[in-house]
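A.B. asks: Dropping a structure here in structure tokens format, bear with me for questions.
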Amino acid sequence: MSRSETALARAVLIHGPLSRRDLTTRLGLSPASLTRLAKPLLEAGLLIELDEVADGTVGRPSRPLDIAPGLGAFAGVKITGDAVIAVGTDIRAEPITGGEWPIDDRSPEAVLALVARAVRELALPDLVALGVSLGGVVHDGVALHAPFLEWADVDVAGVLAAELGVPVSVENDVVALAEAERWFGAGRGLDGFATITIGAGVGYGLVVDGEVVRTSDATIGTGGHIPLDPFGPVCQDGHRGCAQAMLSSGSIAAQVSAALGRPVDYDETLELAAAGDPAVHAIVGSAGDALGRLIALATNLSLQSSVVLAGEGINLFSVVQDRVRAAASAGRDPRAEPVDIHVDDSGFRAWARGAAAVAIQSTMDRMRGE
């Protein structure tokens, strides 16, 4: 499959069914070029033509192109420090089944065996490929550094491919989530946006011109080191008032615990803030200000005015959203586009679907290389 054919197949996969007129506009092709590119995909059974529909133009009614049904199933897995979250999807990353398996042993051998078990228990017919996402630095299927699992140089793809007998793609979890948001989530239909995740860590991803930015720095977690408050707490790497120190759930809960003189977890922290506890509300409010500043920085530097907020700690936004929006606006030029904030509170299933989407795209890339 050529690069142009792959672009056509991906456009139909993500946005289809699409009329030929829509495809020529979206891909910048002439009608003749589109016909030439579509022919081998139709003959191979990857694409199908639907019944004719009138598209408002003069002449013969259009026959929209769509992805052929029954092209197999895909699995997506998100690995956290505590659990394996797995979903089975069709080729459009629409969920078929899913589940969650707690992690009792964080050793690579135990976790990867649990991933293989989870995929088998999904009982997917005609499994084509597996995608895995995890927090940390990933390259060529190897988890070079996964801090929440305390892994270094673990050949995730190699072990799982040998165990399950299907191709395995491994991606940084925030990059995979940005793919999920672009494809079927809060960012669907947006040409570009920044993704900010809050939870055990702080993640930052970027979509520009409909494509997820993938660079070596995209998997390192550089977004967590952005300075937001010169008087804030210090993160574990010694950065004062950085995003990690101001916004990670563990840091916020630790600040509240110190203020109240007793252990307080993140969920109780947000409950106390919502109830108006003065000490807790001050800490959570400062986190809201920091999130607003991070949003302003992300939009200013990326030149994208849309932001998708996600992660297991994103309920922070609902508690102090007025302060978040105020700080975001204050950090923007008044002539700039208003910041458009989208919140994805669907949890880790979306991250797992993002991993499945990465597996689907890798499958299409392999087809191009054949």
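Every number in this text was worked out from the coordinates using simple rules, so none of it is lab data. All of these numbers come straight from a predicted model, not from anything done at the bench. Quick reminder, even Gly has a Cβ in these numbers, built from the backbone with ideal geometry, and neighbours come from all protein chains shown.
A.B. asks: Taking the Cβ of His15 as the center, what net charge do the other residues with Cβ under 12 Å away carry, scoring Lys and Arg +1 and Asp and Glu -1?
C.D. replies: +3
A.B. asks: For the charge dipole of the chain, defined by +1 on Lys and Arg C-beta atoms and -1 on Asp and Glu C-beta atoms about the Cα centroid, which residue among Pro125, Ser2, Gly98 has the Cα displaced farthest towards the positive pole?
C.D. replies: Of Pro125, Ser2, Gly98, it is Ser2.
A.B. asks: If you place +1 on the Cβ of every Lys and Arg, -1 on the Cβ of every Asp and Glu, and leave all else neutral, what size is the dipole of segment 83-222 about its Cα centre, to the nearest 20 Debye?
C.D. replies: For segment 83-222, the charge dipole is close to 200 debye.
A.B. asks: Would you mind putting 252-264, 344-356, 86-98 in packing order, based on average other-beta-carbon counts within 10 Å, highest first? All intermediate terms of the calculation are to be shown ahead of the outcome.
C.D. replies: Details: 252-264: 16.7, 344-356: 24.6, 86-98: 20.3.
Result, highest mean first: 344-356, 86-98, 252-264.
A.B. asks: Still on this structure, please answer the following. Where does helix 278-302 land angle-wise versus the long Cα axis of the chain, in degrees 0 to 90, nearest 10?
C.D. replies: 40 degrees
A.B. asks: A follow-up question, please. Answer with one residue from Ser169, Ser249, Leu144: the one whose Cα lies farthest towards the positive end of the charge dipole of segment 133-278, charges on Cβ with Lys, Arg +1 and Asp, Glu -1.
C.D. replies: Highest projection toward the positive end goes to Ser249.
A.B. asks: Now for a separate question. Using +1 on the beta carbon of Lys and Arg, -1 on that of Asp and Glu, and nothing else charged, what's the dipole of segment 188-343 about the Cα centre, debye to 20?
C.D. replies: Roughly 260 debye, rounded to the nearest 20.
A.B. asks: Take the alpha carbon atoms of segment 75-93, find their center, do the same for segment 208-252, and report the distance between the two centers in whole angstrom.
C.D. replies: Distance between centres, Cα-based: 25 Å.
A.B. asks: Something else: Among Ser216, Ser305, Ser169, which one shows the highest mean-square fluctuation when the chain is modelled as a Gaussian network with alpha-carbon springs under 10 Å?
C.D. replies: So, out of Ser216, Ser305, Ser169, the one fluctuating most is Ser216.
A.B. asks: Let me ask you something else. Rounded, prolate or oblate: pick one for the chain, where a ≥ b ≥ c are the square roots of the eigenvalues of its C-alpha gyration tensor, a/c under 1.5 means rounded, and failing that, prolate if a/b is larger than b/c, else oblate.
C.D. replies: Values: a/c = 2.36, a/b = 1.47, b/c = 1.61.
Oblate.
A.B. asks: How high is the relative contact order of segment 1-138, given as a whole-number percent (alpha carbon pairs under 8 Å, six or more residues apart)?
C.D. replies: 20 percent
A.B. asks: Continuing with this model, one more query. Quick one: putting +1 on the C-beta of Lys and Arg, -1 on the C-beta of Asp and Glu, what dipole do you get for the chain around its Cα centre, in Debye to the nearest 20?
C.D. replies: With only Lys, Arg, Asp and Glu charged at Cβ, the dipole is about 1040 debye.
A.B. asks: Moving to a separate point now. Mind jotting down the distance between the C-alpha centroids of segment 291-370 and segment 96-145, whole Å?
C.D. replies: 24 Å
A.B. asks: Further question: Percent antiparallel among DSSP beta bridges with both residues in the chain, to the nearest 5?
C.D. replies: So the antiparallel bridges in the chain amount to around 65 percent.
A.B. asks: Now for a different question. Which chymotrypsin sites (Phe, Trp or Tyr not before Pro) does segment 186-267 hold that lie in a coil by DSSP with at most 13 other beta carbons within 10 Å?
C.D. replies: Those satisfying the criteria are Phe231.
A.B. asks: Please give the length that would be gained between Asp237 and His225 if that part of the chain were fully extended, namely 0.36 nm times their separation in residues minus their C-alpha to C-alpha distance (nm, one decimal).
C.D. replies: Computed gain between Asp237 and His225 is 3.4 nm.
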